[in-house]
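Below is one structure, written out as structure tokens; the observations come after it.
The values are calculated or read from the model by the stated rules, or taken from the named source; none is laboratory data. Treat the numbers as computed from the prediction; the structure is a model and nothing was measured. Don't worry about glycine lacking a Cβ; one is built from the backbone with ideal geometry, like all the others, and counts go over all protein chains shown.
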Amino acid sequence: MSIRERLSGNEAVANAMRQINPDVVAAFPITPSTEIPQYFSTFVNNGQVTTEFVPVESEHSAMSACIGAAAAGARVMTATSANGLSLMWEMLYIASSLRLPIVMSCVNRAVSGPINIHNDHSDSMGARDSGWIQLYGETNQEAYDNAIMACKIAERTGLPVMNCYDGFITSHSIENIELEEDDKVKAFVGEYKPAHYLLNKAEPIAVGPLDLQPYLFEHKFQQAQAMREAKDVILEVSKEFSAMTGREYGLIEEYKMEDAEIAIVVLNSTAGTAKYTIDRLREQGVKAGLIKPRVFRPFPYAEIAEALKNVKAVAILDKCDSTNGAGGPLYTEVTSALYGAGITSVKAVNYVYGVGGRDVRTDDIEKVYRDLQLDVANGIQGTPYRYLGLKG
Amino acid sequence: MDNLIEIRWHGRGGQGAKTASLLLADAAFNTGKYIQGFPEYGPERMGAPITAYNRISDKPITIHSNIYEPDFVVVVDDTLLGAVDVTAGLKEDGAIVINSTKSPDELRGLLNGYKGKVCTIDAKTISIDCLGKYFPNTPMLAAIVKVSGIMEDEAFLNDMVESFKHKFAKKPEVIDGNMEAIRRSLNEVKGL
Amino acid sequence: MTNINAKSTWQELTPGGTICEAANSEQFHTGDWRSRKPCFISDKCKQCGLCVPTCPDSAIPVDENGNRGDFNYDFCKGCGVCAKACPFGAITME
């Protein structure tokens, strides 16, 4: 039986980590992810876990310690946000290229500057091509569930996983949640048995050798191939998770898309606000729908194209700008998905929204659907690269 | 009333408005509701105005924005009146609950023409009488439960005694004082 | 261990390039890096053994009696440290 609880997103993720009882957690505090190592260090102190907790002096060291521990054969978890992720940059690529299944909760926050502690997606989106699987969660429930599934996904694919969810909105809000029992979570993740690891005295190995022109290209292809195959692994692990909890997860979530004529594609907590808005619009006869990608890396191109093929217009919402002079990262991917599938009938526009924690109201989401109705009626007037809630 | 109840808290950093909003979420959760409790984080300074929010519903809550048209507003410190637009967006069929020694009629003039129900509670006197110190949290929590009717007095009292037993396991001597503060607050809200 | 070389395909390489076999440096002949070559003059050698530990490539073989033999040119990179270490002029660099 699941346990009915009310927890913040960070409390929920820290509890998932307690239940998993990883071998090593190395972390450095940064708002809004600080509570994860804070709660977790309490679990360590209370003897509720047997984890070696490494309180390092920077995020670069946090990821370095995670890499060393994972290479040694440990199951490893950490957490960070924003500039903390930036400081890990160099090591993110080392972790993924060494194929170490590290699980990191990335509590999304604007990367400074100007300095800001609130939610947007500029941190994890900046790291989207670092070779990490990226899961995105709408609620504290999804952050908790993804943290548990991330362990298995990472270990089966040999790729590190980022568990992304919105800073403050999800990380610090108390909401209802269904927790699983400790023994069930432990049984679900099982024991981690790496194929090769440094502390295996029966097989001395060398990790991270020089990889020059004859080799690096092939190793990068291996990573890309693992990322392609990760789609099936994610679905397989999600199916196993659903068998335990009854909670279903795919690569994308569709909300009222069966007959939708206009749709929004958006990540994380804003999807919930959009669902609320869709219900109101549907009462007025507006055929509005939503697609929430749960997985951004690997990107579900085929699934999104399939889900969008019958709509007349779609707005892709990005909680950060690519500052490429055009659209945000989600927009670029979704329009690529449509183009790749040969779909040219769908009008696609981009909204950059919520940057630096700018609150997104139901009115804002309704405006997007109203704009889409006009785009359907009159064609896209002016630029498809739009900003939602920007002053001026 | 719509199934979804939205509440906005105004306080000053250090007074426990955030904690009170979380206590309310807890109490509603324990009666089987779906809840949200979240503060609006800003620079964390003692005395600076802060805002916290609650959503309470019989159904799952998906909306994840701040609250702009609350059903109820709680003001933990009446010196905020005039400094902060506490009635902004407040529904006319809702109510505002203010921690003050003054009466509702004396305060109505400071509420930007708000026409709905104005309630007051003297949390300071109750707190000092019952707890010996000024902790506005518990009285304000009881006052909003009373004014909003989120739950019956009896269910609320039963839940709070359990919650205090857990929270104050190491200092049970304060449980009686807190329960007395709640009972008095439920009865001493003015303007109902 | 599979023979990994410059022609190996992505399917043949180990994930992350991890080398799963110890002591594989034997398979890597560094002798062709050499521009100067040490010559062993056995007549002058007193078998004092000072040269052996100075070699970074273990290219000075030692037999079961503790006596050194001629250089293993598969691995000797020609650094010349052994020649400097020899007190008897039994190693010359050419």
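Here are a few things to note about the model shown:
- Hey, residue A:71 assigned by TED's automatic domain parsing to the domain that holds residue A:217, crowded, with 24+ Cβ neighbours inside 10 Å, out of contact with any strand residue (DSSP E or B) (no Cβ under 9 Å at 6 or more places or on another chain) and in contact (Cβ under 8 Å) with a residue 60 or more places away in the chain or not: yes
- Search result, residues across segment B:160-173 that are without any contact (Cβ under 8 Å) to a residue 60 or more places away in the chain and buried (at least 16 other Cβ atoms within 10 Å of the Cβ): B:164
- Residue count for segment A:151-167 under the criterion of being away from every other protein chain (no Cβ under 14 Å) and out of contact with any Leu (no Cβ under 9 Å at 6 or more places or on another chain): the result is 2.
- Verdict on residue A:83 being surrounded by 22 or more Cβ atoms within 10 Å (Cβ to Cβ), modelled with pLDDT of 95 or more, assigned by TED's automatic domain parsing to the domain that holds residue A:163 and under 18 Å from residue A:163 (Cα atoms): no
- Residue in segment C:71-85 that is surrounded by 12 or more Cβ atoms within 10 Å (Cβ to Cβ), within 14 Å of chain A (Cβ to nearest Cβ), out of contact with any strand residue (DSSP E or B) (no Cβ under 6 Å at 6 or more places or on another chain) and not in a loop (DSSP other than H, G, I, E, B) present: no
- Members of segment C:1-37 that are in contact with a Ser or Thr (Cβ under 7 Å, 6 or more places away or on another chain) and in a loop (DSSP other than H, G, I, E, B): C:12, C:20
- Number of the exception - residue B:138 against (1) more than 14 Å from chain A (Cβ to nearest Cβ); (2) surrounded by 22 or more Cβ atoms within 10 Å (Cβ to Cβ); (3) at pLDDT 95 or above: (3)
- Residues (among the β-branched types (Val, Ile, Thr) and not in a helix (DSSP H, G or I)) located in segment A:128-158: A:133, A:139
- Criterion (crowded, with 21+ Cβ neighbours inside 10 Å, of a type in the set (A, V, I, L, M), more than 16 Å from residue B:51 (Cα to Cα) and free of Cβ contacts under 8 Å to residues at least 60 places away in the same chain) met by exactly one of B:157, B:107, B:111: B:111
- Subset tally (residues that are in a helix (DSSP H, G or I) and touching a strand residue (DSSP E or B) at 6+ places or on another chain (Cβ under 8 Å)) for segment A:1-41: 11
- Exactly one residue out of A:348, A:341 is more than 14 Å from chain B (Cβ to nearest Cβ), in contact (Cβ under 8 Å) with a residue 12 or more places away in the chain, in contact with a Ser or Thr (Cβ under 6 Å, 6 or more places away or on another chain) and more than 24 Å from residue A:116 (Cα to Cα): that is A:348.
- Residue-level analysis places residue A:271 among those that are under 22 Å from residue B:59 (Cβ atoms), touching a strand residue (DSSP E or B) at 6+ places or on another chain (Cβ under 9 Å) and within 13 Å of another protein chain (Cβ to nearest Cβ).
- Note on segment A:104-126: residues that are touching a residue at least 24 places away in the same chain (Cβ under 8 Å) and either surrounded by fewer than 24 Cβ atoms within 10 Å (Cβ to Cβ) or among the aromatic types (Phe, Trp, Tyr) (or both) total 7.
- Filter result for the condition that a residue is modelled with pLDDT of 95 or more and within 14 Å of chain B (Cβ to nearest Cβ), over A:3, A:36, A:20: A:3
- Screening segment B:1-92 for strands (runs of 3 or more DSSP E) wholly inside it with 2 or more residues that are aromatic (Phe, Trp, Tyr) returns the ranges B:34-40.
- Test: residue in segment A:90-104 that is more than 14 Å from chain C (Cβ to nearest Cβ) and under 12 Å from the mean Cα position of the chain (by Cα): yes
- Enumeration of residues in segment B:69-94 that are surrounded by 14 or more Cβ atoms within 10 Å (Cβ to Cβ) and more than 17 Å from residue B:107 (Cα to Cα): B:70, B:71, B:91
- Tallying residues that are polar (S, T, N, Q), within 20 Å of residue A:333 (Cα to Cα) and in contact with a Pro (Cβ under 9 Å, 6 or more places away or on another chain) within segment A:101-129 yields 1.
- The set of residues in segment A:168-186 being part of a loop (DSSP other than H, G, I, E, B) and either more than 7 Å from chain B (Cβ to nearest Cβ) or among the acidic types (Asp, Glu) (or both) consists of A:170, A:171, A:180, A:181.
- Residue count for segment A:187-196 satisfying the condition of being buried (at least 18 other Cβ atoms within 10 Å of the Cβ) and assigned to a loop (DSSP other than H, G, I, E, B): 2.
- Some residue of segment B:49-57 being surrounded by fewer than 17 Cβ atoms within 10 Å (Cβ to Cβ), of a type outside the set (A, V, I, L, M) and either within 14 Å of chain A (Cβ to nearest Cβ) or over 30 Å from residue A:5 (Cβ atoms) (or both): no
- Residue count for segment A:243-254, restricted to those that are among the hydroxyl-bearing types (Ser, Thr, Tyr) and over 19 Å from the mean Cα position of the chain (by Cα): 1
- Looking only at segment A:133-150, and only at residues there that are closer than 18 Å to residue A:20 by Cα and within 14 Å of chain B (Cβ to nearest Cβ), the one that is surrounded by the most Cβ atoms within 10 Å (Cβ to Cβ): A:143
- Filter pass, residue A:326 being within 28 Å of residue A:167 (Cα to Cα), among the aliphatic types (A, V, I, L, M) and surrounded by fewer than 20 Cβ atoms within 10 Å (Cβ to Cβ): yes
- Filtered residues of segment A:57-66 (kept if crowded, with 24+ Cβ neighbours inside 10 Å and closer than 30 Å to residue A:201 by Cβ): A:62, A:63, A:66
- Number of positions in segment A:31-59 that are under 12 Å from residue A:78 (Cβ atoms) and touching an Asp or Glu at 6+ places or on another chain (Cβ under 7 Å): 1
- Residue that is within 14 Å of chain A (Cβ to nearest Cβ), surrounded by fewer than 16 Cβ atoms within 10 Å (Cβ to Cβ) and closer than 20 Å to residue A:209 by Cβ, where the choices are C:25, C:58: C:25
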